[in-house]
Amino acid sequence: MLEIKNLDVSVEDKQIIKNLNLKIGPGEVHAIMGPNGSGKSTIAHTLAGKPNYLVEAGNVDFKNEDLIAKDPYERSLLGLFLAFQYPIELPGVTNASYLKQILNAHRKSRGENPIDAGEFLKILKEKSKNLNIPMDMHSRFVNAGFSGGEKKKNEVLQMDLLDPSLIIMDETDSGLDVDALKSTSEAVNKLRDGKRSFLIITHYLRLLEYIVPDHVHVFGDGSIIESGDKSLASRIDNEGYEVK
Amino acid sequence: MNKVNKENFKQDAYKYGFVTEIEDEKIPKGLNESVIKLISSKKNEPEWMLEWRLAAYERLKSMEVPKWARANIADIDFQDLYYYSSPKDFKEKPKSLEEVDPKLLETYEKLGIPLKEQEALAGVAVDAVFDSVSVATTFKEKLNEIGVIFCPISEAIQKHPDLVKKYIGSVIPVTDHFYATLNSAVFSDGSFVYIPKNVKCPMELSTYFRINASETGQFERTLIIADEGSYVSYLEGCTAPMRDENQLHAANVELVALDNAEIKYSTVQNWYPGDENGKGGIYNFVTKRGLCKGKNSKISWTQIETGSAITWKYPSCILRGDNSTGEFYSVAITNNHQQADTGTKMIHLGKNTKSRIVSKGISAGKSSNTYRGLVNFHRKAENSKNYTQCDSLLVGSNCKANTIPLTENNSNTSSLEHEATTSKISDDQLFYCMQRGLDAEEAQSLIVNGFCKEVLQQLPMEFAVEAQKLVSISLEGSVG
């Protein structure tokens, strides 16, 4: 699904990622844990193609395509989804029309017609219900004035809607209370179908108690310093990042 | 955005830039008494109208072109312009669409304005003005049945002289300023609307202005009168061919709302903006003013200004009637080398008058975009209120946005509220949308349409979708 080879990334002339290697197979759930400021979010932004994130060396293969050569929207259409740590506000754009437009962009790239309004509403209702999202949230402007929990739920709703093959979650647990964390994780777990892959970036163990990973990597000094199974996450939680 | 598409976008950017190959008939170039007499005789005008024009011309001789706009305007040689152009042999306006030159029908068809009633947008009556003449007006008879007069102003001067005499120049005095006076002397065609007492006009009325002939100025004159208790929604659209020369469009639009009447006036202005290097394009110097003459009357201006090399206009409301309301909703988009200096004046004269101004300026490329507004409370305008909101959005770093809001408050009991913001489309917003599968152009268009939403939703539904598309198209090529 995804293969990162010898990746060096710099942001504003500062090297953040150094010789990163990571392979994620279909259906696998990987977690990257690391202390704050270690640059783990840089992985997410680089994979999604954020401008100013400069790939200095190495390459990334996604579904047998050279990911780095593609524009951000092409990566999305290819099936890469990034759930943002800080979802962006779009004043004046209602959530419903935004969701419909991004869905239609994906349908178009698959050669399908734009979705019928009635059908869209049906899908929206069903998926919102799974996340305990009230329908009136969709007549508000995208993320504008949303609480932290609403923003994160809206991210999960979008990943559900766009049916991606690789989901990168950047600190999705931050800003969520226990109830929201639970319902969000449940919605994410429903998307685990054995084919879809996940890369979960988090500082804490708690998200991984709900979304249990197959592989855990510890990130430090721009690279993966240790890999293991889910027990590694518990150890980190007990001992902290400093102890190895 | 891949390269192939971007090239296409450039070619498509102004899709109304074609020229209709039709023989035209111009009167000699230049501005003088005989030209004015010729225009008047072409229109079969009564003597009083000619005298009115000549008086305006007399006054014009001692007036100077105003220079205060925040725009670089090349000097215009007013003697080197044609003031009247019509399709050849256009002696009299065709009685029915069957008699209209097919080339003209085809032109409007290409502009997306089918004139055949069965093909036309349901619920929209159209007056089609081609250079200096109205070539067709749809649904006239149907409107006539309920007493609504909707016809070219040249026809109204002949058929409804009392109404025209009473109201023309009553809102914009003949001597107002250079371009208004020039228009009064040489105006050719535009629309006339009269809504009788207590009639809610059942259709949108609209005028479509098309400049076709070269080296020709268009001097439209529009007069709308809403009698007591009536309502009308009117929309104008404008396009012109792509040419290297600058062409002048100097219109006067007067609105009069009597007791309890409401006029909603919308403009979608898409004159040719000039090319990427700022060559050519329309000079859009327009005077628009509405008089809320009666109590509880309301005038609402909505404008979507995307075209023209230079836009220079301030649709205004004079709130004379007690409890009257004035509104101004504006989206002005400038790209490449376009310049816009636009805004409104709200003159509060009556008691309990209210006004609301929402202006959204979007600048891209090397353009310049100025909001200029005046809110004035007269001493007698007790308990009056104004709310002003001016938002500017910058796309890129080579454009300019200015906000010049003036207020004059002579009433102790009146209040003003003003909010202004300037923002840039953030890279984060673009990246967020692109991460969800929208390309750069789509992402920008989504964000900009969100920024304009408050204004766009004021437009009649039939035109809102078109306007949204226009907003997107106007900014094409401005994303990196």
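The values are calculated or read from the model by the stated rules, or taken from the named source; none is laboratory data. Note that this is a predicted model, so its numbers are computed, not measured. Cβ atoms come from the backbone with ideal geometry, glycine included; neighbour counts cover every protein chain shown.
Here are a few things to note about the model shown:
- Members of region A:55-71 that are exposed (fewer than 15 other Cβ atoms within 10 Å of the Cβ) and either closer than 21 Å to A:G39 by Cα or of a type in the set (K, R) (or both): A:E56, A:A57, A:N59, A:K63
- Qualifying positions in region B:231-275 - closer than 22 Å to B:G169 by Cα and touching a Pro at 6+ places or on another chain (Cβ under 7 Å): B:S233, B:L235, B:S266
- Being touching a strand residue (DSSP E or B) at 6+ places or on another chain (Cβ under 7 Å), assigned to a helix (DSSP H, G or I) and crowded, with 16+ Cβ neighbours inside 10 Å is a property that A:L208 has.
- From the options A:D173, A:D179, residue that is more than 20 Å from A:F81 (Cα to Cα) and charged (D, E, K, R): A:D179
- Of the criteria (1) outside any helix (DSSP H, G or I); (2) away from chain B (no Cβ under 14 Å); (3) in contact with a strand residue (DSSP E or B) (Cβ under 9 Å, 6 or more places away or on another chain); (4) not basic (K, R), which one A:N113 fails: (3)
- Look at region A:130-150: where a residue is of a type in the set (A, V, I, L, M, F, W, C) and a partner is surrounded by fewer than 16 Cβ atoms within 10 Å (Cβ to Cβ) and modelled with pLDDT of 95 or more, sitting 6+ places away or on another chain with Cβ atoms under 7 Å, you get A:M135/A:K125.
- Search result, residues across region B:182-206 that are under 22 Å from the mean Cα position of the chain (by Cα) and without any contact (Cβ under 8 Å) to a residue 60 or more places away in the chain: B:F192, B:V193, B:Y194, B:C201
- Selection status of B:V129, touching a residue at least 60 places away in the same chain (Cβ under 8 Å) and surrounded by 24 or more Cβ atoms within 10 Å (Cβ to Cβ): yes
- Region B:14-43, residues that are touching a residue at least 40 places away in the same chain (Cβ under 8 Å), more than 18 Å from B:F130 (Cα to Cα) and not in a loop (DSSP other than H, G, I, E, B): B:V35, B:I36, B:L38
- Qualifying residue in region A:163-173 (condition: buried (at least 18 other Cβ atoms within 10 Å of the Cβ), hydroxyl-bearing (S, T, Y) and out of contact with any Pro (no Cβ under 7 Å at 6 or more places or on another chain)): yes
- Residue within region B:437-444 that is touching a Phe, Trp or Tyr at 6+ places or on another chain (Cβ under 6 Å), among the small types (G, A, S) and on the phi > 0 side of the Ramachandran plot present: yes
- Listing of strands (runs of 3 or more DSSP E) fully contained in region B:361-480 that carry 1 or more residues being within 14 Å of chain A (Cβ to nearest Cβ): B:385-394, B:415-424
- Residue selected from region A:72-97 under the condition out of contact with any Phe, Trp or Tyr (no Cβ under 8 Å at 6 or more places or on another chain) and at the interface with chain B (Cβ under 7 Å from one of its Cβ atoms), by the criterion surrounded by the fewest Cβ atoms within 10 Å (Cβ to Cβ): A:L77
- Filter result for B:M434 (in contact with a helix residue (DSSP H, G or I) (Cβ under 8 Å, 6 or more places away or on another chain) and either surrounded by 23 or more Cβ atoms within 10 Å (Cβ to Cβ) or on the phi < 0 side of the Ramachandran plot (or both)): yes
- Beta carbons closer than 9 Å, at least 6 apart along the sequence or on distinct chains, pair a first residue in region B:166-181 that is under 20 Å from B:W68 (Cα atoms) with a second that is acidic (D, E) and surrounded by fewer than 16 Cβ atoms within 10 Å (Cβ to Cβ) for B:F178/B:E64.
- For region A:42-70, a residue qualifies if it is touching a residue at least 40 places away in the same chain (Cβ under 8 Å), within 14 Å of chain B (Cβ to nearest Cβ) and at positive phi, and exactly one does: A:N52.
- Odd one out for A:G194 among (1) assigned to a helix (DSSP H, G or I); (2) within 30 Å of A:N132 (Cβ to Cβ); (3) among the small types (G, A, S): (1)
- In the set (1) crowded, with 21+ Cβ neighbours inside 10 Å; (2) more than 22 Å from A:L199 (Cα to Cα); (3) out of contact with any Leu (no Cβ under 8 Å at 6 or more places or on another chain); (4) of a type outside the set (V, I, T), A:A117 fails one condition alone, (1).
- Options A:K127, A:K122: the member that is in a helix (DSSP H, G or I), more than 14 Å from chain B (Cβ to nearest Cβ), in contact (Cβ under 8 Å) with a residue 12 or more places away in the chain and surrounded by fewer than 19 Cβ atoms within 10 Å (Cβ to Cβ): A:K127
- Residue in region B:398-414 that is out of contact with any strand residue (DSSP E or B) (no Cβ under 6 Å at 6 or more places or on another chain) and closer than 30 Å to A:Q101 by Cβ present: yes
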